[in-house]
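Participant: My questions all concern the structure below.
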Amino acid sequence: MSHAGYRNLSLAEAFIQNDHNMKISFSGIAKNGLDQAQFCDHIIAQKIIGQVSMRHKGIAQVTQSNPKTPATEFDIFLSDLNGQLRGKRLPFARLDRVMEEGIKMPRSVVAVDFWGDDVLDTGLVFETGDSDGLCLPVKDSLAPVTWDALPHHQLISMMANPDGSPFSADPRQCLQAICAQFKDLGLTPVVATELEFYLFDLESIQAKQPLTSPLMPQGYEFERNDVYSISELNDFTQILSETRKACAAQAIPVDTVIAEMGSGQFELNLNHEADALCAADHAVMLKRVIKGVAKKHGHLASFMAKPLGGKSGNGFHVHFSLVNQDGQNVFDSGDEKGTARLRHAVAGLIACMPASMLIFAPHANSYRRFIPGAHAPIVANWGYENRTVAVRIPESPNAARRIEHRVAGADANPYLVLAVILGAALYGITHKLDAPQETIGDTSESPLVHQALPTEWHEAIHGFANSDVIPEILNDQLVAIFTAIKKQEFAKFKARVTDAEYETYLGFL
């Protein structure tokens, strides 16, 4: 036993003596295959969990019910600008200290490119000596990771500067700042999200291409795209059911699951929350749950915008309304048209949409979603109960009047997507912008002149970097850093000759 283990021994004994409800004794150590140090860490972990997060008060009971695999570690992570989770794994003995003090990580970790390489043009690397920031835990985000062979827990954090001030390039800090602007106006966004994804065979990773799930029916001459299929839900019931259970353990408000247009494609909907930060947290956590549970069952969960060229892409749709301090929906006019504030918000979304495309479609693959005749919008427009538009006002009871934003892909960063959508709505409301004429029926057949959205990555990078409206929504540091990241990623792709080019040209030119 280590010196730390000896110190923990007396502390664990004290916890047991002071907690008559903890039905665990040292006599069970050998029988359950634990050494004394592991057992002590386990006891302390459960006590700390109970002290830190009442929201997850059931965690101790869950882990104690399986003492052969106690959770003695936790992950603390944050989202980089690409939506990738980066952080550290620590022993539970550190949890109370981390909750009080946070942990240190280089600020540049928020601004690495998709492959995890430094982006020198961000100014966060050599110019600062690659200095640390402070990762501050998000209150009540401690949650169990139930799908791993060795259970542990996770904790969301966000980056601050060494002096404790917000690090403005952190995507969660960015969203928090926009939520604060709504609060100053006496308004609260109520947000729900929908995420689409594919479940492929796990061998897809080694094959370097998507392989159909073995759970899908095989041998049909015509491939089936069974949208809303109950049969397909049944085929994947083990993965989907465990996903729902893992979400329940993490307090992620999962609602409906749908079989989508692609083979092995699904959509999971999250319930509305009167806290945009929590809604974004839960979208990030949901992705992690789905990927983890799928891997456990021999599958790869893919949130790529367009993993299959000829099939449906993966979207990330956002529904939101605004309530005032009396809890009233300010979009509700008492009829199906909605209030002037709703139309101002729509106008802001339309005005900011072209310049925001780099947030909604941040990667090279993202732009394969945006093709004519698909459900992914290619123009900035809006309409009532119309799924061919970019901004839809769904049919609903008047009190539930809301806006659905249908542009973003599932590969986008939830924090940045919500920040840009809510920021654009706020821009329209504060400037009292007038919404353009609504689109009725099929967008592609509409006589209206619509503003086209960028459908190429380099166009979106240029539009984002040179926009006059983006600085009205996002802070200058985040805009400059995100632009630098995307320019580096674009340059890497441009330097790579693809297999398709070799197959087409190598033997003929």
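Each reported figure results from applying straightforward, stated rules to the coordinates on display, with no laboratory input. Keep in mind that what you see is a predicted model, and the values were worked out from it rather than measured. Don't worry about glycine lacking a Cβ; one is built from the backbone with ideal geometry, like all the others, and counts go over all protein chains shown.
Participant: I need the fraction of alpha carbon pairs in segment 166-241 separated by more than 20 Å, rounded to a whole percent.
Facilitator: When all Cα pairs of segment 166-241 are counted, 59 percent exceed 20 Å.
Participant: Any chance you could run the full-extension gain for THR430 through HIS375? It's 0.36 nm times the residue separation minus the Cα-Cα distance, nm to one decimal.
Facilitator: Separation in residues times 0.36 nm, less the Cα-Cα distance, equals 16.7 nm.
Participant: If the label point is 7 Å along Cα→Cβ of ARG496, which residues in segment 352-386 have backbone nitrogen under 14 Å from it?
Facilitator: Within reach of a label on ARG496, which here means backbone N under 14 Å from a point 7 Å along Cα→Cβ, segment 352-386 contributes 363-366.
Participant: Relative contact order for segment 254-347: what percent, with Cα pairs under 8 Å and sequence separation of 6 or more?
Facilitator: The normalised contact order for segment 254-347 reaches 14 percent.
Participant: Here is a further query. To make sure I understand the rule: partners must be aspartates and glutamates, Cα under 17 Å from the Cα of LYS494, and not fewer than 8 residues away in the same chain. Which ones qualify?
Facilitator: Within reach: ASP113, ASP117, GLU456, GLU459.
Participant: I'd like the FRET efficiency for GLU100 and ALA452, computed as 1/(1 + (r/R0)^6) with the beta carbon distance as r and R0 of 56 Å, rounded to 0.05.
Facilitator: 0.65
Participant: Gain in length, ASP468 to SER168, computed as 0.36 nm per residue apart minus the alpha-carbon separation, to one decimal in nm?
Facilitator: Here the segment from ASP468 to SER168 would lengthen by 106.1 nm.
Participant: For SER444 paired with GLN328, estimate the spin-label separation in nm (one decimal), with each label point 7 Å from Cα along the Cα-to-Cβ line.
Facilitator: 4.4
Participant: Work out the P(r) tail for segment 177-474: percent of alpha carbon pairs separated by more than 31 Å, whole number.
Facilitator: The proportion of pairs with Cα distances above 31 Å equals 28 percent.
Participant: If you don't mind, another one. Using R₀ = 22 Å, calculate the FRET efficiency as 1/(1 + (r/R₀)^6) where r is the Cβ-Cβ separation of ALA274 and ASP476; round to 0.05.
Facilitator: The formula returns an efficiency of 0.15 here.
Participant: Using +1 at the Cβ of each Lys and Arg and -1 at the Cβ of each Asp and Glu in segment 177-474, identify which of VAL330, THR439, VAL417 lies farthest towards the dipole's positive end.
Facilitator: VAL417
Participant: In the structure displayed, which of LYS295/LYS487; LYS88/LYS296; LYS245/LYS337; LYS139/LYS492; LYS306/LYS487 lie more than 30 Å apart, Cα to Cα?
Facilitator: LYS295/LYS487; LYS245/LYS337; LYS139/LYS492
Participant: Can you give the extra length, in nm with one decimal, that the chain gains between ARG89 and PHE508 once fully stretched, where that is 0.36 nm per residue apart less the Cα-Cα distance?
Facilitator: 145.6 nm
Participant: Rounded to whole Å, give me the distance from the Cα center of segment 241-317 to that of segment 321-356.
Facilitator: Measuring centre to centre over Cα atoms gives 27 Å.
Participant: Shifting gears a bit: What list of ³J(HN,Hα) values in whole Hz, one per residue of segment 249-263 in order, does the Karplus curve 6.51 cos²θ - 1.76 cosθ + 1.60 (θ = phi - 60°) give from phi, with Gly and Pro shown as x?
Facilitator: Couplings: 5, 9, 6, 8, x, 5, 10, 9, 10, 10, 7, 9, 5, x, 5 Hz.
Participant: With a sphere of radius 10 Å drawn around the Cβ of GLY298, what net charge do the other residues whose Cβ falls strictly inside it have (Lys, Arg +1; Asp, Glu -1)?
Facilitator: Here the charged neighbours net out to 0.
Participant: Same structure, new question: May I ask for the net charge around ASN269, where only other residues with Cβ less than 11 Å from the Cβ of ASN269 are counted and Lys, Arg are +1 while Asp, Glu are -1?
Facilitator: In short, -4.
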